[in-house]
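The values are calculated or read from the model by the stated rules, or taken from the named source; none is laboratory data. Model, not experiment: these values are computed from the prediction. Cβ atoms come from the backbone with ideal geometry, glycine included; neighbour counts cover every protein chain shown. Surface accessibility is based on the protein's heavy atoms, side chains included, excluding ligands, DNA and RNA. Shrake-Rupley method; radii C 1.70, N 1.55, O 1.52, S 1.80 Å.
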Amino acid sequence: LARHERWAQEGLTRRSVHNQRDSRVSTLDWWRTGTIYQVYIRSFADSNGDGTGDINGLRSKLPYLADLGIDGIWINPWYPSPLLDGGYDVADYRDIHPSYGTLEDADAMIEEAHELGIRILVDLVPNHCSWDHVWFKAALQAAPGSPERARFHFTEGSVADDGTVGPPNNWKSVFGGSAWTQVDDGQWYLHLFDPSQPDLDWTHPEVREEFRSILRFWLDRGADGFRVDVAHGLAKDMDFPDLSDHVQILSSAKQPNHAHWDRDELHEIVREWRAVLDEYDDRMMVAEAWVSEESLPKYLRPDEYHQSFSFDLLMAAWDADAYRSTIASVYEPAKALGAASTWVLSNHDVMRHTTRFGLPADESWRTWPVTGPADALDTELGERRARVAALITLGLPGASYLYQGEELGLPEVWELPWDVLDDPVARRSEGTQKGRDGCRVPIPWTADGESFGFGGPAWMPQPDRFAAYAADQQIGVDGSFHSLYKDALRIRREHFVDDAELTWIDAGDGVLAYSRASGVRCVANMGAESVPMPAGEILLTSIPGLTDELPSDTAVWLRPT
Ligand code: GLC
């Protein structure tokens, strides 16, 4: 059957991106209210049975994603790469990793996604490339002081009083250890992440020009925009002063104009990129900027990013007051700037939130997989809260970013043994952190079959308990996570996207409640005691069967009667 007939048979009636662009109303800034689904390509769906996800696997799941009701997909780096940081070590920005497919596969995927009304965001990694990139290989071949080295931060080491030579300064890698590695001729190069990820020198005109050209390369192929990695990086204090602090992965660089985070000079670069995007129709870019609330507005100026992730909610304690103040701290400044808020509960860098929510409040999700105790985890509670968090975030004004498997309630695979771990965070943590592989385990599509329908033998082992979360166990099943997400996305499109207004409602201690301009309300009981079901017509509840009461850790969407 032709693809369109197949889709029609599956009942998929979605407006193509092309048609959406023709109608001004829905075209206008789709990303302001959109739901963007993050695909960790390596672990999404494997079409050729080699155990690694690929673009054709993603193509085969586009109808699933359209049916779920998402508006866009952000795809984690899919470029040729030695995969020493899951592909955030890019060897060639204009090609596809052979395990993931070809440029032709990417073109076909973009076209099919567009036909299904889904936008595609490509992951741009500008702070660093891979040590396999031609530029870095040439830099290693070339002499100190050569033009080849000038595209990176190569410099001499420091000499102590006793004559010993060490790194140029005390900067630390986000993944642990020094941020400098020495090469054979004695010079050192800077890598804020893994040694396999040399930082580019963004004061160099060739670096600037190259990335403008890379943007055009993907925009010309039909990409709808970019998720920009480490957007708070790029610029460095070229005097390389010693530092007194150390930022670990996914924690904010709270100090503006830090020696290598959130520096004023980076905004000039962003404006150059925005100018390129503005040469095209209807494209956008979202920043992964770990910066303070005071700094964030600078990234959202009209000639800079369209939006920026906000990770504050992901870090917030399970408490109605904490959620309220965190949401307000994201929503108010975005509103004042005319920007859209973004809501994120999980991504490929953090413990999956069904598991995070099941840990005691004083437990650190970064270290708990190592320190335990395993029985501190309350899986049922975590899942119950994850459903509440879905209704809280999907009802808010702004864009929601979902991480693959979140719609299945997938847990973190925190018990992965050390010998299978692949993440540099684990490698460089000296046994203190297991890193990020536990949220990157291949998706279970079916309860039976090899690798739960993912494809060949999964590159990262899946636990037996994944069978219960498989998509085929949940699609169309009342009360499943998948049904909750699908219903929520449908109701969101009908009732929640037409306005950007948020009004808090006082619903008592432990209860988070807000209304939208349409009168639709979200009421989430995050406290320990049941509260009476608020008045109104129930549109959706976090767990089935709620009528008279909202027990602890449940939520409801209501509309006025
Ligand atoms: C970002 C990515 C993370 C990666 C790092 C270095 O934080 O989300 O996965 O390791 O940048 O590129």
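Here is how the numbers come out for the structure above:
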| read-out | value |
| --- | --- |
| For the range 437-498, Kirkwood radius (reciprocal of mean inverse C-alpha pair distance, Å) | 13.0 |
| Convex hull volume of the range 312-396 per residue (C-alpha atoms, cubic angstrom) | 94 |
| Phi to ³J(HN,Hα) by Karplus 6.51 cos²θ - 1.76 cosθ + 1.60 over the range 158-166, Hz, x for Gly, Pro | 9, 10, 6, 4, 7, x, 6, 9, x |
| Percent accessible area from carbon and sulfur atoms, the range 478-532, protein chains only, probe 1.4 Å | 47 |
| Net charge of Cβ neighbours under 12 Å - reference SER480; Lys, Arg +1; Asp, Glu -1 | -3 |
| Under the Debye formula (equal points on every Cα, no solvent term), log10 I(q)/I(0) of the chain at q = 0.09 Å⁻¹ | -0.67 |
| Sum of -39500 (n - 2.57) over DSSP H runs of 4+, divided by residues of the chain (222 nm, nearest 500) | -7500 deg cm²/dmol |
| Cα pair distances exceeding 20 angstrom across the range 206-313, given as percent | 41 |
| Positive-end residue of VAL523, VAL134, PHE226, charge dipole of the chain with Cβ unit charges | VAL523 |
| Where TRP131, TRP273 fall by accessible area, highest first, once all protein chains stay in place (1.4 Å) | TRP131, TRP273 |
| Principal axis dimensions, the range 318-365 - Cα atoms, whole angstrom, descending | 36, 26, 14 |
| Using alpha-carbon coordinates, inclination of helix 320-337 to the longest axis of the chain, degrees | 70 |
| The range 308-315 - phi-based ³J(HN,Hα) in whole Hz, Karplus 6.51/-1.76/1.60, Gly and Pro as x | 9, 4, 10, 9, 5, 5, 4, 9 |
| Sum of side-chain charges, ARG208 neighbourhood, beta-carbon under 15 Å (Lys, Arg +1; Asp, Glu -1) | -2 |
| Pairs of Lys in the chain closer than 22 Å at Cα, counting only those 8 or more apart or on different chains | 9 |
| FRET efficiency, ALA2 to ASP378 (Cβ-Cβ, R0 56 Å, nearest 0.05) | 0.70 |
| DSSP bridge orientation in the chain - percent antiparallel, rounded to nearest 5 | 55 |
| Cβ-based net charge around LEU377, under 13 Å, with every Lys or Arg adding one and every Asp or Glu removing one | -3 |
| For the range 321-468, diffusion coefficient by Stokes-Einstein and Kirkwood Rh (Cα), 10 °C, 1.306 mPa s, µm²/s | 95 |
| 5 angstrom amide H check on LEU540, placed H, neighbours 5+ away | TRP557 |
| The range 278-346: C-alpha pair distances exceeding 19 Å, % | 33 |
| Two-decimal log10 I(q)/I(0) for the range 27-144, as the Debye equation yields it once each C-alpha is a single scatterer, q = 0.13, 0.15, 0.17 Å⁻¹ | -0.54, -0.69, -0.84 |
| Spacing of the two label points (7 Å from each Cα toward its C-beta) at ASP239 and THR203, in nm | 1.2 |
| Accessible area per residue, Å², the chain with all protein chains present, probe 1.4 Å | 37 |
| Rounded to 10°, Cα long-axis angle of helix 481-491 versus longest principal axis of the chain | 80 |
| Theoretical FRET efficiency, 1/(1+(r/R0)^6), r = Cβ-Cβ of ALA317 and ASP448, R0 51 Å, to 0.05 | 0.85 |
| Filtered GluC sites (Glu not before Pro), the range 217-315: DSSP coil and at most 15 other beta carbons within 10 Å | GLU265, GLU279, GLU293, GLU294 |
| Rounded to 10°, Cα long-axis angle of helix 205-220 versus longest principal axis of the chain | 30 |
